[in-house]
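The values are calculated or read from the model by the stated rules, or taken from the named source; none is laboratory data. Since we're looking at a predicted model, the values are computed, not measured. Neighbour counts run over all protein chains shown; Cβ positions are idealised from the backbone, glycine included. Protein only, heavy atoms only, side chains kept; ligands, DNA and RNA dropped before computing areas. Shrake-Rupley method; radii C 1.70, N 1.55, O 1.52, S 1.80 Å.
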Amino acid sequence: MFEIVEVRGGYALDSRGSPTVRVIVRTAGGSKGVALAPSGASRGAGEALELRDGGLRWAGRGVGLAVSNVNEVIAPRLKGLDVRMQRYIDGILQALDGTPNKSRLGANATTATSLAVAKAASEQLSTPLYRYLGGVGASTLPVPLMNMINGGVHAGNELGFQEFIVIPAGADSFIEALRLSVEVYWSLKELLKEKYGKSSLNVGDEGGFAPPMKISSEAFKALEDAVKRAGYSESHVLLGVDAAASQLYDSESGTYKVDGRVWTAGELLEYYLSIASEHPIAYIEDPFNEDDLESTRKLTGKLAGKTLIVGDDLYTTNPKHLARGVELGASTGAILKVNQIGTLSEALDFANLALKTGLKIIVSHRSGDTEDNFIADLAVALNTGLIKTGAPARSERTAKYNRLIEIEEELGPTAVYPGVKAFK
Ligand code: 2PG
Ligand code: MG
């Protein structure tokens, strides 16, 4: 029943119109798991490699090599194996690749394969994916960190910081958290139209608005006003930011360009502190360049107990990179993106290390994402209490929210929505 009879790779498109890898895994018992690899735009230097063909076809973004790696290299080795042997299978993917960053097979090939294996197993077991991955303990719905104003490399505006986030921490269930967020999204839409005109309603890569703002304080102010206009306060809705600061960093001068001026790391740190004192900021991600653990540690110390400081490009879902951060006490949280490392088992190792050392884990989408909603189940399986998957708009984002609604309904009275506790 559980024997893998087919592993098939093929093309799919992501939300940016970029080709990506789709893998279908079938079992002897007739079950099927389908997974699609997502794709980042602001990628950390330490991430596993996304294999692209180059050349003219598909604007150089073809994934023919990665697909043929699935069909020619991976499939023959997985056929006949028990689909429940996730860790063993992921070990085979790592060994077949044999590089530190999946550059031979491509992390797009290995990620889609690894996730499709897990889905086929849960299907064959007739067990929901979150329960297959997380067992009986899987019961915590995540607080969504909703990116409502897009900037940086995710939008065609002048905002330097990449994501301005709304956090419905005051709700008492996931569906209520969504309702609150949607109300804020719509009041933000109204407010932006009044202040910046119709063109401000264009959205960025993650479904948040991409208004023609120039500096961060405009974005925070708009979010705060939208929260108020929707009838809420900071006891219901907190704010956050993903600076994605590696994108703002000039390695030659060692400075950052944001909000129309140049900052040293020390000045930028002071800037974060002033933002955090003026607005209810509960979350800051990648505040400094990806190799600057020291400045990140300083900010973490200054905002201890008030704001979660999170590493994304800083750790790239790699247990080795995380170990250094943990040693220094660099951050209080870490982003988890399976395609940054390339297999589910390695991502779980990363999550376990982080959780063991008291760090919060935030399960995350990519800016180029798809209808694949795997991360919704993964967040519940790990009881992380936190997920980052964009605005409550655009189907590649809402696919995850819609799955979480379903899971909350299925768990019924045993579902837990942690609210502010997710930050403690
Ligand atoms: C991030 C992500 C997702 P990207 O920086 O956190 O929001 O963006 O996928 O472009 O790396
Ligand atoms: Mg990030």
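Considering (1) closer than 20 Å to K298 by Cβ; (2) within 16 Å of ligand 2 (Cβ to nearest atom), the lone condition that L273 does not fulfil carries the number (2). As a summary of the residue check, V143 satisfies the conditions (1) touching a residue at least 24 places away in the same chain (Cβ under 8 Å); (2) open to solvent by 10 Å² or more (accessible area, probe 1.4 Å) except for the one numbered (2). Within region 58-102, restricting attention to residues that are in a loop (DSSP other than H, G, I, E, B) and at positive phi, the residue that is farthest from the chain's Cα centre (by Cα) is G80.
For region 9-40, taking the residues that are in a loop (DSSP other than H, G, I, E, B) and aliphatic (A, V, I, L, M), the one that is surrounded by the most Cβ atoms within 10 Å (Cβ to Cβ) is identified as A37. In region 90-120, of all residues being open to solvent by less than 30 Å² (accessible area, probe 1.4 Å) and charged (D, E, K, R), the one that is farthest from D349 (Cα to Cα) corresponds to D97.
Of all residues in region 275-315, exactly one satisfies the criterion of being touching an Asp or Glu at 6+ places or on another chain (Cβ under 6 Å) and over 23 Å from K257 (Cα atoms), namely P280.
With the condition kept exactly as written, say whether any residue in region 366-379 is more than 16 Å from ligand 1 (Cβ to nearest atom), within 20 Å of S173 (Cβ to Cβ) and in contact with a Phe, Trp or Tyr (Cβ under 7 Å, 6 or more places away or on another chain). Yes, some residue in region 366-379 is more than 16 Å from ligand 1 (Cβ to nearest atom), within 20 Å of S173 (Cβ to Cβ) and in contact with a Phe, Trp or Tyr (Cβ under 7 Å, 6 or more places away or on another chain).
Of R43, R87, all but one fail to be away from ligand 2 (no atom under 16 Å from the Cβ) and open to solvent by 10 Å² or more (accessible area, probe 1.4 Å); the exception is R87. Contact annotation: residue pairs with Cβ atoms under 6 Å, 6 or more positions apart or on different chains, pairing a residue in region 373-401 that is at positive phi with a partner that is modelled with pLDDT of 95 or more and assigned to a helix (DSSP H, G or I), are G385/A422; G390/R397.
Let's see how each residue does on (1) in contact (Cβ under 8 Å) with a residue 12 or more places away in the chain; (2) away from ligand 1 (no atom under 16 Å from the Cβ):
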site: I175; (1), (2): yes, yes
site: L191; (1), (2): yes, yes
site: D205; (1), (2): yes, no
site: F209; (1), (2): yes, no
site: L223; (1), (2): yes, yes
site: K228; (1), (2): no, yes
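How about region 125-169: which of its residues are more than 16 Å from ligand 2 (Cβ to nearest atom) and touching a Lys or Arg at 6+ places or on another chain (Cβ under 8 Å)? Across region 125-169, the qualifying residues are L125, L129, A138, E158. Among the conditions (1) away from ligand 2 (no atom under 13 Å from the Cβ); (2) open to solvent by less than 10 Å² (accessible area, probe 1.4 Å); (3) touching a Phe, Trp or Tyr at 6+ places or on another chain (Cβ under 8 Å); (4) farther than 16 Å from E47 by Cα, V310 misses just one, which is (1).
Let's see how each residue does on (1) within 15 Å of ligand 2 (Cβ to nearest atom); (2) assigned to a helix (DSSP H, G or I); (3) at pLDDT 95 or above; (4) open to solvent by less than 20 Å² (accessible area, probe 1.4 Å):
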site	(1), (2), (3), (4)
L314	yes, no, yes, yes
I335	yes, no, yes, yes
S345	no, yes, yes, yes
L353	no, yes, yes, no
V363	yes, no, yes, yes
T370	no, no, yes, yes
V380	no, yes, yes, yes
